[in-house]
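To start, the structure itself, in structure tokens.
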Amino acid sequence: MFKFLHNLFNHKKKSKQILQDNTMKKYLIVGLGNIGEKYDGTRHNIGFKILDHFAQQEDIVFETKRLGDLTTYKLKGRTFILLKPSTYVNLSGKAVKYWLEKEKIPLENLLIITDDLNLPFGSFRLKTKGSDGGHKGLKDLQEKLGTTKYNRFRFGISDSFGQGRQVDYVLGKWSAEELIHLPERLDKSIALIKSFVLSGVAITMNSFNRK
């Protein structure tokens, strides 16, 4: 009887450990953006564009699910769950919280991709915490997650706009000059995402920030 109980306990313990190990190998990569044709190709949709580039590069397809479009990619024992929320940028928190909980993904395995006016075009800033910086999407995420401690990949879109033109600039299309350099920056963004999953946030910050 003792042996039976001992084996049962060990089996449950091993099953729990396997579940925890599998959970730690799953990552939620979220690209922020607005749905709809009029937002395609706008600076504010860089999160969508990066994930679309990822999907095209790896020949995977997004499917419409609850609160967003999702696809899954596996590499070296890790599972990337790519999410493009359908809630619009300013209400992104609901979709992120739902998929984190549904897939049982720990907060440290979350990466949010967003635009940043305070960085030069095409430059990167990966951080593990921080304020919303005036970004309404990040503000909503902070409120829904109840913390400012989550990984965010900020893609610089620069601040080359006149007084009172910020909204038009953010929701505007890339310039001809920016479009020339964008493909290389997208490739580099995919490399950053893979490094984040495979090598960890500290190594990735050292390798990619401001580059």
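The values are calculated or read from the model by the stated rules, or taken from the named source; none is laboratory data. These numbers come from a predicted model, not from an experiment. Cβ coordinates were reconstructed from backbone atoms using ideal geometry, including for glycine residues, and neighbour counts include every protein chain displayed.
Of all residues being hydroxyl-bearing (S, T, Y) and farther than 24 Å from L198 by Cβ in the stretch 87-143, which is modelled with the highest pLDDT? Just the residue, please.
Taking the candidates together, the pick is Y98.
Tell me, which residue of the stretch 177-203 that is surrounded by 15 or more Cβ atoms within 10 Å (Cβ to Cβ) and among the polar types (S, T, N, Q) is nearest to K76 (Cα to Cα)?
In this case the residue turns out to be S195.
Would you mind finding the one in T64, T42 that is of a type in the set (S, T, Y), surrounded by fewer than 16 Cβ atoms within 10 Å (Cβ to Cβ), within 29 Å of V167 (Cα to Cα) and modelled with pLDDT of 95 or more?
Exactly one of T64, T42 is of a type in the set (S, T, Y), surrounded by fewer than 16 Cβ atoms within 10 Å (Cβ to Cβ), within 29 Å of V167 (Cα to Cα) and modelled with pLDDT of 95 or more, namely T64.
What about K139, is it surrounded by fewer than 18 Cβ atoms within 10 Å (Cβ to Cβ) and either under 18 Å from G31 (Cα atoms) or of a type in the set (A, V, I, L, M) (or both)?
Yes: the conditions hold for K139.
Any residue in the stretch 175-198 that's basic (K, R): show its pairings with residues that are modelled with pLDDT of 95 or more and exposed (fewer than 12 other Cβ atoms within 10 Å of the Cβ) at Cβ separation under 9 Å, as long as the two are six or more apart or on different chains.
Listed pairs, sorted by first residue: K194/L75.
For the stretch 41-118, list the strands (runs of 3 or more DSSP E) that sit wholly inside it and hold at least 1 residues that are of a type in the set (F, W, Y); which are they?
So the answer is 68-75, 78-85.
Which residues, taken from the stretch 131-179, are over 21 Å from R210 (Cβ atoms) and assigned to a loop (DSSP other than H, G, I, E, B)?
Correct list: G146, T147, T148, K149, F161, G162, Q163, G164, R165, L171, G172, S175.
Can you find a residue in the stretch 69-92 that is surrounded by fewer than 19 Cβ atoms within 10 Å (Cβ to Cβ), of a type in the set (D, E, K, R), out of contact with any helix residue (DSSP H, G or I) (no Cβ under 7 Å at 6 or more places or on another chain) and touching a residue at least 12 places away in the same chain (Cβ under 8 Å)?
No, there is no match, as no residue in the stretch 69-92 is surrounded by fewer than 19 Cβ atoms within 10 Å (Cβ to Cβ), of a type in the set (D, E, K, R), out of contact with any helix residue (DSSP H, G or I) (no Cβ under 7 Å at 6 or more places or on another chain) and touching a residue at least 12 places away in the same chain (Cβ under 8 Å).
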